[in-house]
1. Of the residues that make up segment B:51-67, is at least one surrounded by 20 or more Cβ atoms within 10 Å (Cβ to Cβ) and within 11 Å of another protein chain (Cβ to nearest Cβ)?
2. Is it the case that B:Leu29 is free of Cβ contacts under 8 Å to residues at least 60 places away in the same chain and open to solvent by less than 60 Å² (accessible area, probe 1.4 Å)?
3. If you go through segment B:73-82 one residue at a time, do you hit one that is under 20 Å from A:His93 (Cβ atoms) and within 15 Å of DNA strand D (Cβ to nearest atom)?
4. Kindly provide the set of residues from segment A:30-65 that are modelled with pLDDT of 95 or more and hydrophobic (A, V, I, L, M, F, W, C), ordered by number.
5. Please work out which residue is nearest to DNA strand D (Cβ to nearest atom), limiting yourself to segment B:32-50 and to residues that are open to solvent by less than 70 Å² (accessible area, probe 1.4 Å) and more than 16 Å from the chain's Cα centre (by Cα).
Number of protein chains: 2
Amino acid sequence: MDEIEKVLKIHNVRPTATRLLMYKFLRDLNVAVTLNDIESGFDKSDRTTLYRTIKTFEKHGLVHQIDDGTGVAKYALDEPTSTDINSQSLHLHFHCTNCNDTICLTDHKIPHINLPEGFITRDMNLVLKGFCDKCSHV
Amino acid sequence: MDEIEKVLKIHNVRPTATRLLMYKFLRDLNVAVTLNDIESGFDKSDRTTLYRTIKTFEKHGLVHQIDDGTGVAKYALDEPTSTDINSQSLHLHFHCTNCNDTICLTDHKIPHINLPEGFITRDMNLVLKGFCDKCSHV
DNA sequence: AAAATTCATGCAACTTAAGTGCATTAAACA
DNA sequence: TGTTTAATGCACTTAAGTTGCATGAATTTT
């Protein structure tokens, strides 16, 4: 059985053709993608199907959504090694304002923040903006 | 002359009726508001005018836009004491997933992050999510 | 002060992304 | 095989953001 097929099944996602293709598509990139990016990579499939596919992935912990401030949702594969759902979201993201790429800095965790009395933190989102390694020395 | 009128003029914004009202509206809140929130607070004005007004404020450093992950842009007044434009954006924001309020934690700055070689940071956005002080002890 | 210019406002329309309803098709299971 | 459950595709809707253009108000120039 295919490797990707295994991953999907482990996460309780039925391995249909579209899903296998989308997983491969995401895996072969190292940047987060919008639904439009995905759409451009697939000739056949309908936009709605792709939308629902990525949402299915998200619900089952295969991808996480990233809000980089551009106003358009992006998605990136979770680390396959991760067991804890919440640890995924606690890494930070870098958004290059030049090439518009957004990447996961998975080994950069968000530092702890002390909040005022009464505030309970359940999740955090940190996006750094600037020039990525490809765009900084141009 | 009105106090608000002075503030606008200092920032090179002509103090029209709509602008004075919107400034007062924002000042009397302690949460960030969406364009819809603003619209609800004004019977008379047109949506476009309010949109352009808040964008004018933003351009002239009177407000900053906050992206709290809800998908809708929010705005909050800058600290009037600030001289540096960039220091405004470096405080962090808290978004309550219960009441949907988003507030500026102006005296909580974003800690420094060491990035890999080649990355240049120009801006950062940190949003903590969870329960605010009003919603946590319910 | 009148004319000219610049800026603000209001209305309509457009764009883009996100999301839903429903019928059809495919897969899984009893 | 027949039944049920899930996935897909098409059409349509919603919501936020944004622009074009004509009108109205304010500021500047003559």
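The values are calculated or read from the model by the stated rules, or taken from the named source; none is laboratory data. Note that the structure is a prediction, hence the values are computed from the model and not measured. Positions of Cβ are backbone-derived with ideal geometry, glycine not excepted, and every protein chain shown enters the neighbour counts. Remember, those area values only see protein heavy atoms, side chains included, never the ligands or the DNA or RNA. Shrake-Rupley method; radii C 1.70, N 1.55, O 1.52, S 1.80 Å.
1. yes
2. Here the answer is no, as B:Leu29 does not meet what is asked.
3. yes
4. Scanning segment A:30-65 gives A:Val31, A:Ala32, A:Val33, A:Leu35, A:Ile38, A:Leu50, A:Ile54, A:Phe57, A:Leu62, A:Val63.
5. Checking each candidate, the answer is B:Thr48.
One line per residue, one yes/no per condition, for (1) under 30 Å from B:Val138 (Cα atoms); (2) assigned to a helix (DSSP H, G or I):
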site: A:Glu39; (1), (2): no, yes
site: A:Ser45; (1), (2): no, no
site: A:Arg52; (1), (2): no, yes
site: A:Val72; (1), (2): no, no
site: A:Leu92; (1), (2): no, no
site: A:His112; (1), (2): yes, no
site: A:Thr121; (1), (2): yes, no
site: A:Asn125; (1), (2): yes, no
site: A:Val138; (1), (2): no, no
